[in-house]
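What follows is a set of notes on a single structure, which appears directly below.
Derivation of every value follows stated rules applied to the coordinates shown; laboratory data play no part. If you're wondering where the values come from, they're calculated on a predicted model, not measured in any experiment. Methodologically, a virtual Cβ is constructed for each residue, glycine included, from the backbone with ideal geometry; neighbour enumeration extends over all protein chains shown.
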Ligand code: SF4
Ligand code: SF4
C-alpha cells in the first residue's frame with residue numbers, strides 16, 4: 001500500500017496538501033512544530049493511492065510518497 005511521510009518541522013501548515021488529497025488522508029497535527037505551526041500528518045488506515053498530488057502541491061517539498 002502506498003504511503004507518505006511529512007517532514008514535520010519544515011511544514012508551515014498551509015493545508016494545500018489536505019485540499020488536494022482525493023482520499024482525505026492528510027490531517028492537521030495538534031502538536032506545534034519548531035516553526036510554531038500546526039503541521040500535517042498522514043492518517044493511517046486509509047487507502048493511499050500514491051497519486052502524489054500532495055507532494056506536488058507542497059510549496060516546501062515536505063512530503064515524500066512511497067509506492
Ligand atoms: S499520495 Fe495521493 S492519496 Fe496518498 S496522501 Fe498524497 S494525495 Fe492522498
Ligand atoms: S502543503 Fe506542505 S507546507 Fe503546506 S501543509 Fe501540506 S505539507 Fe505542510
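At a glance:
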item	result
Number of the exception - residue 56 against (1) out of contact with any strand residue (DSSP E or B) (no Cβ under 8 Å at 6 or more places or on another chain); (2) surrounded by 14 or more Cβ atoms within 10 Å (Cβ to Cβ)	(2)
Flag if residue 62 is more than 10 Å from ligand 1 (Cβ to nearest atom) and touching a strand residue (DSSP E or B) at 6+ places or on another chain (Cβ under 6 Å)	yes
Residues within the range 1-17 that are out of contact with any helix residue (DSSP H, G or I) (no Cβ under 8 Å at 6 or more places or on another chain), outside any loop (DSSP other than H, G, I, E, B) and over 13 Å from residue 65 (Cα atoms), tallied	0
Residue count, the range 21-51 (criterion: more than 10 Å from the chain's Cα centre (by Cα) and either on the phi > 0 side of the Ramachandran plot or not in a loop (DSSP other than H, G, I, E, B) (or both))	4
The range 1-18, residues that are more than 9 Å from ligand 2 (Cβ to nearest atom), free of Cβ contacts under 8 Å to residues at least 40 places away in the same chain and closer than 21 Å to residue 49 by Cβ	none
Some residue of the range 32-40 being touching a helix residue (DSSP H, G or I) at 6+ places or on another chain (Cβ under 9 Å) and free of Cβ contacts under 8 Å to residues at least 60 places away in the same chain	yes
Count of residues meeting criterion [touching a strand residue (DSSP E or B) at 6+ places or on another chain (Cβ under 8 Å) and under 16 Å from residue 59 (Cβ atoms)] in the range 9-41	8
